[in-house]
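**Student:** Starting off with a structure, shown below.
FYI, it's all coordinate maths here, none of it is from the lab. Predicted model only: the values in this text are computed from it and were never measured. Glycine also receives a Cβ, built like all others from the backbone with ideal geometry; neighbour counts cover every protein chain displayed.
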Amino acid sequence: MFTLPNLPYDYDALGKYISKDIMQLHHDKHHQTYVDKLNAALAPFPELANDQVGHLLRDLNTLPEEVRVAVRNHGGGHYNHSLFWEWMSPNGGGEPTGELAAAIVERYGSFQAFVDEFTTKSLAVFGSGWTWLQRNMDIMTTPNQDSLVTQGLPAPLLGLDVWEHAYYLDYKNKRDDYIKAWWNVVNWDYVAERYKK
């Protein structure tokens, strides 16, 4: 059985940029629902519930056909959100340093140029989805709760949830304001750890 991970900080820790109300709704309701529906779908297949969700997503086409859509949607939601909480920190923001910073500058010319490109692609997601930074410094988007690992790609270094449930209570329909605020809580230390691995 999959379980909802604890947040690595208090609900109100990102309050200036992402409110306690959003964090409680997003974590306790939306993420919990993905976990619950994934568990319900896999109940007839207990051997699958012992695997890691990332493995299930990577091997999606080998799963029983009747659970593939649920694993893709709810497993993807669980996987993506479990990382998303780690990609934010009350001590976040600023710019990365070291090898990660060098790789970003080599690819985009400057950190600000990277931020601008990532933001542009995030704003261009139609409806609901995610924006991802890959290890090779490509920026990609996926619809819904689709995951890069389902496409056979490496796990992302960084991801941004651009579903309305991630920001609507704070920013209404202003996705641009949400994205601008989110840069102030990005946990670059965690991103750098993922880059080194």
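**Student:** GNM on the chain, C-alpha springs below 10 Å: top fluctuator among Gln32, Gln24, Gln112?
**Tutor:** Sorting by GNM fluctuation, first place goes to Gln112.
**Student:** Restricting things to Cα coordinates, could you compute the convex hull volume per residue of region 20-86 in Å³?
**Tutor:** Dividing the Cα hull volume of region 20-86 by its residues yields 75 Å³.
**Student:** Can you give the Rg to Rh ratio of region 57-99, both from alpha-carbon atoms, with Rh computed by the Kirkwood formula?
**Tutor:** Rounded to two decimals, Rg over Rh is 1.24.
**Student:** If you average the C-alpha positions of region 37-77 and of region 120-159 separately, how far apart do those two centres end up, in angstrom?
**Tutor:** Distance between centres, Cα-based: 20 Å.
**Student:** Also: Would you calculate a helix-derived [θ] at 222 nm for the chain, using -39,500 (n - 2.57) for each DSSP H run of n ≥ 4 and dividing by the full residue count, to the nearest 500?
**Tutor:** It comes out at -12000 deg cm²/dmol, rounded to the nearest 500.
**Student:** If you project the alpha carbons of the chain onto their three principal axes, what span does each projection cover, largest first, in Å?
**Tutor:** Cα extents, longest axis first: 49, 35, 29 Å.
**Student:** Working from the pairwise distances between different alpha carbons, so that the mean of 1/r is found and then inverted, what is region 123-197's Kirkwood radius in Å?
**Tutor:** 13.1
**Student:** May I ask you to list the lysines whose Cα is less than 27 Å away from that of Lys16, ignoring any residue fewer than eight positions away on the same chain?
**Tutor:** Lys29, Lys121, Lys172, Lys174, Lys180
**Student:** Determine, from the Cβ-Cβ distance of Arg135 and Thr97 and an R0 of 25 Å, the FRET efficiency 1/(1 + (r/R0)^6), rounded to the nearest 0.05.
**Tutor:** 0.90
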